[in-house]
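> The structure is given below, and queries will be raised subsequently.
The values are calculated or read from the model by the stated rules, or taken from the named source; none is laboratory data. Since this is a predicted model, take the numbers as computed values, not measurements. Glycine gets a Cβ as well: all are built from the backbone with ideal geometry, and neighbour counts include every protein chain shown. When the accessible area is computed, the model is the full protein with side chains, heavy atoms only, and any ligands, DNA or RNA have been set aside. Shrake-Rupley method; radii C 1.70, N 1.55, O 1.52, S 1.80 Å.
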Amino acid sequence: FDRTAFSVLSCTMPKSSWLHRKKTPAELASSLEKKLLSLEGKDQDDAQSKNSEKITQILEAMRFMVFGEDEEEVKAKDNLKKLISQLLQEKTNLLVLLVRHVKDIEFEAQQDVVRILKFLLRHGRENLTVDYFYNHAEIIDTLVDGYSDPSTALHCGPILRESIRHRELCELLMKSRKFFLFFDFVQDSNFDIASDAFATFKMILTQHKTLCAEFLEKGYKEIITDRYNKLITSDNYVTRRQSLKLLGEILLDREHFKIMMHYINDASNLKIMMNLLRERSAVIQYEAFHVFKVFVANPKKSPAVLDILYRNRDKLIDYLQKFQKDKDDEQFVEEKAILLQELESLVKPDNWEDFNHQRTSSDVF
């Protein structure tokens, strides 16, 4: 027996492979639980420095059990089933601990947490991960809070989006007050964090259309009037552009008919769109046009909306005739022509004099 050769071989083998063969799933889970719990003691900084490398090794070994060496193909082995069972045990709440302390572990370990949790959620129905997340709502809340920390934001985002693919977990997030934090996260000064947060925000509002429609109808004032309109008038160009585009997608979706009618019958929303039509940015103008056209096309305009459109009719016609004339988009050209016809055919409202007396200011353009 060549002890030297054995020593060299053991040193050159990947840590994950070596650790994986020495530890069973139960042992890995137990060891990880102890290390994570140590981070909750009085001497957290000391525990973090002592256990950080060990936690990284354990998570690396767990990742190896899930994905194998190349991560291209999931290995169908007994150890994988046992590991999943250990991670989802109620008595240890290991996943709760893992998410809670993702901020306290090394970058490589954070990446392994993302890979493992995304895998579990993709196979949620097969191994009850979705039920586990649903029964431990603090996991979703903690992931949302992760956007507040630059060291965890881009790790929590992918896990959240994988969670949102499941209707019940998306609904769980909608019911939490944590949802409203996204109106701040999407405007974060860090571009990468803001972009990732917006990707999650958009997914919440588009992944499950029926659920989203109910959510927006129930919370219309707080979500749309009080908060969303602030996004489309934000000083941040990217925030304005992204939120305006998303608003157009939502309003033009058949599932959101009630939301659309509510929105386009509010004169204050029309004023916002008319101002955005005159933005310097051609992209903002274009996205505003696609929302503005719905106000004009509505056959049952509210008196306040009709008053604004009629009073500004001539200015709007003159502006739209010159609006993005060089744009090579057949559908856009056709829609603009229809819009001009609608504006030209506007007639004075029957209650014009009475409404005119009550109005505050309808001259927008």
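> What figure, in Å² to the nearest 10, do you get for the accessible area of Thr24 with a 1.4 Å probe and non-protein molecules left out?
70 Å²
> Using the heavy atoms of the protein chains alone and a 1.4 angstrom probe, what is the accessible area of the range 192-236 per residue in square angstrom? Let's see the in-between values first.
Numbers: 1960 Å² over 45 residues.
About 43 Å² of surface per residue is accessible.
> Protein chains only, probe 1.4 Å: how do Met274, Met260 rank by accessible area, largest first?
Reading off the accessible areas and sorting them downward yields Met260, Met274.
> Working out 0.36 nm times the residue gap between Phe257 and Gln321, then minus their Cα-Cα distance, what length gain in nm do you get to one decimal?
Length gained, Phe257 through Gln321: 20.1 nm.
> Still on this structure, I have one more. If you build the Cα gyration tensor of the range 174-247 and take the root of 5 times each eigenvalue, what three semi-axes come out, in whole angstrom, biggest first?
20, 13, 11
> Right, here's the next one. In the range 284-334, with Lys and Arg counted as +1 and Asp and Glu as -1 at Cβ, which of these residues, Val296, Tyr310, Val333, has the Cα nearest the positive end of the dipole, that is, farthest along it?
About the Cα centre, the residue reaching furthest to the positive side is Tyr310.
> When the accessible area of the range 191-326 is computed with all protein chains present and a 1.4 Å probe, what percentage of it is carbon and sulfur?
51 percent
> Sticking with this structure for a sec: Assigning unit charges at the beta carbon (Lys, Arg +1; Asp, Glu -1) and nothing else, what dipole magnitude in debye, to the nearest 20, does the range 210-350 show about its Cα centre?
440 debye
> In the full protein assembly as shown, how much of Ile159 is accessible to a 1.4 Å probe, in Å² to the nearest 10?
Accessible surface of Ile159 is approximately 0 Å².
> For the pair Val347/Asp149, report the inter-label distance in nm, with labels modelled 7 Å from Cα in the Cβ direction.
Reported label-point gap for Val347 and Asp149 is 6.5 nm.
> Given just the C-alpha atoms of the range 210-350, how large is their convex hull per residue in cubic angstrom? The partial results should precede the final answer.
Working: hull volume 15.8 nm³, N = 141.
For the range 210-350, the hull spanned by Cα atoms encloses 112 Å³ per residue.
> Order Arg63, Arg254, most accessible first, counting only protein heavy atoms with a 1.4 angstrom probe.
Largest accessible area first, the residues go Arg254, Arg63.
> According to the square roots a ≥ b ≥ c of the eigenvalues of the Cα gyration tensor, what is the shape class of the range 208-283, taking rounded for a/c under 1.5, prolate for a/b larger than b/c otherwise, and oblate for the remainder?
prolate
> Now a separate question. Explain nothing, just the number: dipole magnitude of the range 152-285 about its Cα centre with +1 on each Lys and Arg Cβ and -1 on each Asp and Glu Cβ, in debye rounded to the nearest 20.
240 debye
> Moving to a separate point now. Could you state how much accessible area Glu27 has, in square angstrom rounded to the nearest 10, with a 1.4 Å probe and all protein chains kept in place?
90 Å²
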